[in-house]
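Working notes for the structure below.
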Amino acid sequence: MGWNSWNHFACKVSDAVVRSTADAMVSSGMKDAGYQYVNIDDCWEGQRDAQGNIQSNGRFPDMAALAAYVHSKGLKLGIYSSPGPKTCAGYEGSFGHEEQDAQTYARWGIDYLKYDWCSATGDEHAAYTKMHDALVRTGRPIVFSLCQYGWQSVWRWGASVGGNLWRTTDDISDSYDRMSVLGFAQNGLERFAGPGHWNDPDMLEVGNGGMKDDEYRTHMGLWCLLAAPLIAGNDLAAMTPATKEILTNPEVLALDQDAAGIQGHRVSEEGPLEVWMKPLADDSKAVGLFNRGTYDAPIAVRFSEIGIDKGATVRDLWARRDVGRFDSAYGAIVPKHGVVLLRLRSASNQ
């Protein structure tokens, strides 16, 4: 859980933006909700010195001092590079300097590396393994995020090259159509995810303004059912109350962070109406009733299709209220592009 600069700031990211974001992560309650990483994406890089060591550019005068500031807030700092010679935005990549860059990141106090394929060519497995091994040799724990857009079924091999998370999709954008195409396409990948190695359908767009609140609840709710990394991409210093509620609802976040680490999956589909389920560590079930259509519609989950046979108590997680006990099914009117997110406890476990 954390934040990344790209979705909102892109190449306008700076030391001041990162410090302000760290401050806002604390003051807004995001840190208390579990968000931890403050990640700088592309455009921080300067030139290499005569020895080949990477330098930050003028917008980041002292990366070690920035890391110390973020750490002083009880947070962690992430950074970005590419296994190619150039990053996506044309800055210096790590090709041929993997060992140097890993040592530099560790010396600065970096805690997370997003490694974006971009200009790289050749054997992906070898390129990612090379940087993973270099990070390990630093002796510093650094989360390793593979960003290569889901090519070559990365979910099948990402863990074997040291990835803690790997992008399963091309880039997200702040639109319902794009978000839903990427998110709902994660069905079937659940067997490849688990503690320490996660499918990543890209960063959150919640609060960036391109979707309605119901659509952002779908975005957040689906990512939580998917046990996906929750990397916010909005301006944390300018959140509306609705955005803050969506990003920090503790009952929704608990689904994503559940100790069992199981990725949810689709259990039924009828036209634009879908039911998804995620098993939880306490034997309860998280259920999402998703309406991908353009009109409000009733959607129901039949308990038999999610492994409940003796009735269940139902709690609405966005509303944060108990709904009641039901014998064989539960249904609700779901707004267009919206979701009703539930936690069901079997009567046999009570």
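Throughout, read-outs are computed from the coordinates displayed, never taken from laboratory work. Note that the structure is a prediction, hence the values are computed from the model and not measured. We place every Cβ from the backbone using ideal geometry, glycine too, and count neighbours over all the protein chains shown.
Mind putting a number on the dipole of segment 2-256 about its Cα centre? Charges go on the C-beta only, +1 for Lys and Arg and -1 for Asp and Glu, and I need it in Debye to the nearest 20.
460 debye
Holding the Cα-Cα limit at 29 Å, pick out from 31/86; 114/244; 31/212; 114/336 the pairs that are longer than that.
As for pairs spanning more than 29 Å Cα to Cα, those are 31/86; 114/336.
Give me the angle, in degrees from 0 to 90, between the Cα long axis of helix 213-225 and the longest principal axis of the Cα atoms of the chain, rounded to the nearest 10.
On a 0 to 90 degree scale, this one is about 80.
Specify the angular offset, from 0 to 90 degrees and rounded to the nearest 10, of the alpha carbon long axis of helix 15-27 from the longest principal axis of the alpha carbons in the chain.
Between helix and principal axis, roughly 30 degrees.
As a test of the definition: which semi-axes, in Å, follow for segment 106-210 when you take the square root of five times each eigenvalue of its alpha carbon gyration tensor? Largest first, please.
In descending order the semi-axes read 25, 16, 13 Å.
Dipole of the chain (Lys/Arg Cβ +1, Asp/Glu Cβ -1, origin at the Cα centre): which of 120, 85, 1 lies farthest to the positive side?
Working it through, the farthest residue towards the positive pole turns out to be 1.
If you take every DSSP beta bridge fully contained in segment 45-175, what fraction is antiparallel? Give it as a percent rounded to 5.
Of the beta bridges lying entirely in segment 45-175, close to 20 percent run antiparallel.
Please report the antiparallel percentage of the DSSP beta bridges confined to segment 160-308, to the nearest 5.
Counting only bridges with both partners in segment 160-308, antiparallel ones make up about 80 percent.
Roughly how many whole Å is it from the C-alpha centroid of segment 135-198 to that of segment 204-269?
17 Å
Would you mind checking the tilt of helix 63-72 against the longest principal axis of the Cα atoms of the chain, expressed as 0 to 90 degrees and rounded to 10?
40 degrees
Given 37 °C and 0.692 mPa s, how large is the Stokes-Einstein diffusion coefficient of segment 265-349 in µm²/s, with Rh as the Kirkwood radius over Cα pairs?
Once the numbers are plugged in, D ends up at 258 µm²/s.
Given segment 1-84, report the % of alpha carbon pairs whose separation exceeds 21 Å.
For segment 1-84, the fraction of Cα-Cα distances above 21 Å is 28 percent.
Taking the alpha-carbon centroid of each part, what is the distance from segment 40-55 to segment 291-350 in angstrom?
With segment 40-55 and segment 291-350 each reduced to a Cα centre, they are spaced 51 Å.
Using the Cβ atoms and a cut-off under 11 Å, what net charge is assigned to the surroundings of residue 182, where Lys and Arg are +1 and Asp and Glu are -1?
After counting each charged neighbour, the total is -4.
Just the Cα atoms of segment 178-307: what Rg and Dmax do they give in Å?
Calculated on Cα positions, Rg and Dmax stand at 14.4, 45 Å.
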